[in-house]
1. Taking region 95-113 only, how many residues are within 11 Å of the chain's Cα centre (by Cα) and surrounded by fewer than 10 Cβ atoms within 10 Å (Cβ to Cβ)?
2. Output the residue which, of all residues in region 1-55 that are out of contact with any Gly (no Cβ under 6 Å at 6 or more places or on another chain) and either of a type in the set (D, E) or touching a residue at least 60 places away in the same chain (Cβ under 8 Å) (or both), is nearest to E66 (Cα to Cα).
3. State the number of residues belonging to region 6-56 that are in contact with a helix residue (DSSP H, G or I) (Cβ under 6 Å, 6 or more places away or on another chain), part of a loop (DSSP other than H, G, I, E, B) and either exposed (fewer than 13 other Cβ atoms within 10 Å of the Cβ) or among the β-branched types (V, I, T) (or both).
4. Considering Q72, Q91, Q78, Q125, which residue is under 30 Å from G8 (Cβ atoms) and either modelled with pLDDT under 90 or not in a helix (DSSP H, G or I) (or both)?
5. State which residue pairs qualify: first residue of a type in the set (A, V, I, L, M, F, W, C) and inside region 114-126, second residue part of a loop (DSSP other than H, G, I, E, B) in any location, beta carbons under 7 Å apart, and separation of 6 or more residues or different chains.
Amino acid sequence: MAFGQPSGPPATARQVQDLTALIHAAGHSDFRDARGPLGLTQRQAGGKFTRDEAEDLIAQLESEAELESPAQAESPAQAESPAQSVPGGRQPVDRRELERRRFLDKLPDDELAAELQRRGWVVIQP
């Protein structure tokens, strides 16, 4: 494989359309505008993605949209302090935190409770 070449088949037109819509919904004008905040490569900023890259970025943007949705109203105690916010209202992307949240959402309640008890926590069902 030559330097700088994609390591897989190119993304489908549908994936690129979905990515474009999600990029716009996230407040960016195009892929180049989103390059820094999303950590895209120069090739990706030009709209060139492999299928795997497109799939991962779509999942990331969709999960961010779910986390930022107004349906999940925060209580004042959970609201983030102004000192921790990023100018422009966008929060920095932490891929590991998003993966943890997805994993914990899929974990059955009883297994999560058992793991917390194993670690010494007291767990009470709501």
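1. 1
2. A26
3. 2
4. So the residue among Q72, Q91, Q78, Q125 that is under 30 Å from G8 (Cβ atoms) and either modelled with pLDDT under 90 or not in a helix (DSSP H, G or I) (or both) is Q91.
5. Between residues of region 114-126 that are of a type in the set (A, V, I, L, M, F, W, C) and residues that are part of a loop (DSSP other than H, G, I, E, B), the close pairs are L116/V123.
The values are calculated or read from the model by the stated rules, or taken from the named source; none is laboratory data. None of the values given here were measured: they were computed from a predicted structure. As a convention, Cβ positions derive from the backbone with ideal geometry for all residues, glycine included, and neighbour counts pool all protein chains shown.
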